[in-house]
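Read through the structure below, which is laid out as C-alpha cells, and then see the notes.
Any read-out appearing in this document is the output of simple, stated calculations on the displayed coordinates, not a laboratory observation. Quick caveat, the model's predicted, so the values are computed rather than measured. Here the Cβ positions follow ideal geometry from the backbone for every residue, glycine too, while neighbour counts run over all protein chains shown.
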Amino acid sequence: MSTQPHLTRSLGLTSLVLFGLAYMTPLIVLGIFGVVAEVTGGASASAYLLALVAMLFTASSYGRMAAAYPVAGSAYTYVRRTIDSRVGFLVGWAVLLDYLFLPMVIWLIGGAYLQAEFPAVPGWVWIVAFVLITTVLNILGIKVADRTNYIMMTFQVLVIVVFVALSIGSVVSQHGAGGLLSAHPFINSTSSFAMVSAGAAIAAYSFLGFDAVTTFTEETKNPTRTVPRAIMLIALIGGGIFILVSYTTQLVHPGGQFTDASSAAFEIAVTIGGNVFGAIFIAGLVIAQFASGLAAQASASRLLYAMGRDGALPRRLFGEVSRRFRSPVFNIVIIGIVGLVAMFMDVATSTSFINFGAFTAFTMVNVSVIVYYAKERRRGHRLNPIVYLVIPAIGAVITGYLLTKLDVNAIVLGLSWLVVGIIVLAVVTKGFRQLPPELTYEQEDAATSVGEASPARVAD
C-alpha cells in the first residue's frame, strides 16, 4: 500500500541558523546605514542595540510558540490558536503588508545605490528595471536553490568583513588605535533617546526574517528544542553583526549628515577603499538586493495564491495558476505594480511602512504567549512565569513602543491597511458571524504548484 509523501526531519541547529542568517541578508545593515544614522543623529549603533533587545525578547516568544505549535504559519498561526481566529486573520493581514511591500523597499534601496553610482541615470529607471526583470523571471517560474542563498550569504559576509576591516584601518590611520574606542556611535551631543528609538524602529528592518526558520519546524530534528534555540541565535548573531558594522562605519563617518542618506554607505566605501572597492560594494549590494527582491516577490505571490485558494481573497483572481508558466501570473504582476510605488517614496518612509506590519506581528506574538500561559494555568499546567509572562510582556511593551516611533505617514498607511483588513474580514465572515477561512501554509505543495523560489527576507 502506497503512502503519501511527507517532509523529512533532517535539519539540525547549524543548518537552521545558517538559513536564518541568509534569510536576513546581513548586507542590508549597510544598505540603510545612512538613513538610520541620519535619524539618530549619528548614534546608529544604539539604534541597533535597542532593536536587538526588542528582537531578543520577541525571539523568545517565537521560540515558545514554535515549541507549543510545531507547524508552519508563524505569527498568524500562533495568534489564531491562542487568542482568536479573527484576530489571527488580522495579524495575517498585517503580515501580508510586509509581503506586498517588501519587494518595493528592496528595489528602492537597490535603485538608490545604482543612482549614486550612475547619477546621470534617473532613479526611477533602475526601479522599473528591477520590477520588470524580476517580474518576468518569476512569471517564467524560475527557482532559486537554497544553495544559491548560501553562496550569496558567503559573498555578503566577505563584503562586510572587508568593509569593517577597511573602516578599522581608516580610523587607526587617522586617530590611532585609541580611535577605535568611542562612545559616539552610541551616544553623542546630537542624539537623544527619542531619536535613537525612531532609528531603532527603522533599524528593525534589518532583522526581518529572523523568525523565518519557524516555517521549517516540520523538517527539523527535535523541533521543540532546536527551533527556539535557532531563533535566539539568529537574532543574537545578526544583531551582533549589525551593531559591529554600524559602530565601525559610524567611526569613519561621525554624525548623521550625508549628501544622500539613502546611499551613504557607498560614499563611505569609496572613502575607505577607493573606487575599486566602491564598485565591489555596489555590485555586492545590488546583487543581494536583486536576489532578495526576486525571492520576496515570489513569496508574496505565493501567499496571495494561498489566500485566494483558501477563499480569503477572490479565488478566480488570486487563486489561479497559469497553465503555460505554472506560476500565479496575476499575483506576480500585482506585486510588480505595487513595486512601482517606490518611484514616489524614500527609504526611511518605506522601511517604516514595512515595519508597521512586522511590529504588529511581533507585538501580537508576545501577547499570544501571555494568553497561552493563562490558558495553560487554567488547565492545571504550570509554566515558568519568567519565560511565559515576564519576558513576553517586556517584548510586547518594547515592540509596541517602537511601533509608535515609526514615521507618521507609515503609521497612517498601516492603520489604513488594517481598516481594509477589517472590511475584508467582515465580508469573508458575513458580518463577523462566521469564522474566517484558515490560511494553509503547505510548503511542499505550494512550491510545486506555483513553481516559485523559496522566500527570503519576509517577516511573519
- Ordering of 43-51, 376-384 by burial proxy (mean other Cβ atoms within 10 Å per residue, highest first): 43-51, 376-384
- Please report the relative contact order for the chain, taking Cα pairs under 8 Å with a sequence separation of at least 6, and give it as a percent rounded to a whole number. 34
- Task: Give, rounded to the nearest 20 debye, the magnitude of the charge dipole that the chain has about its Cα centre when Lys and Arg contribute +1 at Cβ and Asp and Glu contribute -1 at Cβ.
- Result: 1500
- Item | Cα gyration tensor shape for region 275-419, rounded if a/c is under 1.5, else prolate or oblate | oblate
- Query: Using 7 Å Cα-to-Cβ label points, what is the Ile237/Ala67 separation (nm, one decimal)?
  - Reply: 2.1
- Message: Given axes a ≥ b ≥ c from the Cα gyration tensor, I'd like to know whether region 330-371 is rounded (a/c under 1.5), prolate (a/b larger than b/c) or oblate.
- Response: oblate
- Note on the structure: Mean Cβ-within-10 Å packing, highest first, puts peptides 120-131, 52-63, 353-364 in the order 353-364, 52-63, 120-131
- Query: Using the Cα gyration tensor of region 313-383, with a ≥ b ≥ c the square roots of its eigenvalues, what is the shape: rounded (a/c below 1.5), prolate (a/b larger than b/c) or oblate (neither)?
  - Reply: oblate
- Item | Calculated [θ] (222 nm, deg cm²/dmol) that DSSP helices of n ≥ 4 give over the chain, each run adding -39,500 (n - 2.57) | -23500 deg cm²/dmol
